[in-house]
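The values are calculated or read from the model by the stated rules, or taken from the named source; none is laboratory data. Just so it is clear, the model here is predicted, and its values are computed rather than measured. All Cβ positions, glycine included, derive from the backbone under ideal geometry; neighbour counts span all protein chains shown. For accessibility, only protein heavy atoms count, side chains too; no ligands or nucleic acids. Shrake-Rupley method; radii C 1.70, N 1.55, O 1.52, S 1.80 Å.
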Amino acid sequence: KNQVEQSPQSLIILEGKNCTLQCNYTVSPFSNLRWYKQDTGRGPVSLTIMTFSENTKSNGRYTATLDADTKQSSLHITASQLSDSASYICVVRAGGFKTIFGAGTRLFVKA
Amino acid sequence: EPEVTQTPSHQVTQMGQEVILRCVPISNHLYFYWYRQILGQKVEFLVSFYNNEISEKSEIFDDQFSVERPDGSNFTLKIRSTKLEDSAMYFCASSEGQFNGYTFGSGTRLTVV
């Protein structure tokens, strides 16, 4: 069964600190993996897209990694800001157009 | 920056009624999608649309649902005979190509009473 599991479920960090969010997936066939940021009541906003052959991709303070062998991805946030408080969702695209969303990690950044 | 626009932002409807959720995708995008998110749950794929036809749909997208691109700019989701469990946030998204990033709209919160 195609699944995307994220951990931790929620995370509280102090402003300025770094954090890493995890995503494990069992999706086949694999097309790409995306990380999104979703503010409460808003649509998801794309952070990174990674294909099978990519190991690392950065977007400002966000760096995503992908290990296609172990089917794991991580999202590292550097020097967190209060505005980083949101849900971070890992999304894996299977063959075709189907996308499987993880439940997200709820990040709280405190001053 | 180009946006995907959804209207209305909030729709309240009585059980059994039909609703139409509207979306204006980004103008040069060719692929369109509908997703839903029940409160507190994951985002779920409903349907993808390309070249004026459904390219893929999920198990959720049954005969109660239909999509249409009535003109060159709008993309609509119609839900017939709404049920209480249809209450959710419905997101429209579009992408330039099949493997490009998706741009999501801000969603329509549908409440069925």
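Points to keep in mind about this one:
- Of the set (1) away from chain A (no Cβ under 14 Å); (2) small (G, A, S); (3) crowded, with 18+ Cβ neighbours inside 10 Å, all apply to B:G105 but (1).
- Taken over segment B:96-113, the criterion of being at negative phi and within 14 Å of the chain's Cα centre (by Cα) is satisfied by B:Y102, B:T103, B:F104, B:G105, B:S106, B:T108, B:R109, B:L110.
- Restricting segment B:55-91 to residues that are touching a residue at least 40 places away in the same chain (Cβ under 8 Å) and within 14 Å of chain A (Cβ to nearest Cβ) leaves a set whose member that is farthest from A:T48 (Cα to Cα) is B:A88.
- Pairs linking a residue in segment A:77-88 that is modelled with pLDDT of 95 or more to a residue that is acidic (D, E) and buried (at least 18 other Cβ atoms within 10 Å of the Cβ), with Cβ atoms under 9 Å and 6 or more positions apart or on different chains, are A:I77/A:D84.
- Looking only at residues of segment B:31-53 that are in contact (Cβ under 8 Å) with a residue 12 or more places away in the chain and open to solvent by 70 Å² or more (accessible area, probe 1.4 Å), we find that the one that is farthest from the other protein chains (Cβ to nearest Cβ) is B:N52.
- Strands (runs of 3 or more DSSP E) contained in segment A:6-111 and holding at least 1 residues within 18 Å of B:T103 (Cβ to Cβ): A:30-38, A:45-51, A:56-59, A:62-67, A:86-94, A:99-101
- Segment B:13-30 - residue that is part of a strand (DSSP E or B) and β-branched (V, I, T) and, of those, surrounded by the fewest Cβ atoms within 10 Å (Cβ to Cβ): B:I20
- Check on B:S94, within 14 Å of B:V4 (Cα to Cα), more than 10 Å from chain A (Cβ to nearest Cβ), surrounded by 13 or more Cβ atoms within 10 Å (Cβ to Cβ) and touching a strand residue (DSSP E or B) at 6+ places or on another chain (Cβ under 6 Å): yes
- Remark: pairs (first residue in segment A:19-47, within 9 Å of another protein chain (Cβ to nearest Cβ) and without any contact (Cβ under 8 Å) to a residue 60 or more places away in the chain; second residue basic (K, R) and open to solvent by 40 Å² or more (accessible area, probe 1.4 Å); Cβ separation under 9 Å; 6+ apart in sequence or on different chains) = A:G41/B:R109.
- Checked against (1) surrounded by fewer than 19 Cβ atoms within 10 Å (Cβ to Cβ); (2) away from chain A (no Cβ under 12 Å); (3) closer than 21 Å to A:T99 by Cβ, B:N100 passes all but condition (2).
- In segment A:25-70, residue nearest to the chain's Cα centre (by Cα) [restricted to those that are surrounded by fewer than 17 Cβ atoms within 10 Å (Cβ to Cβ) and within 28 Å of B:T108 (Cα to Cα)]: A:V45
- Looking only at residues of segment A:71-88 that are under 11 Å from the mean Cα position of the chain (by Cα) and open to solvent by 10 Å² or more (accessible area, probe 1.4 Å), we find that the one that is nearest to the other protein chains (Cβ to nearest Cβ) is A:S87.
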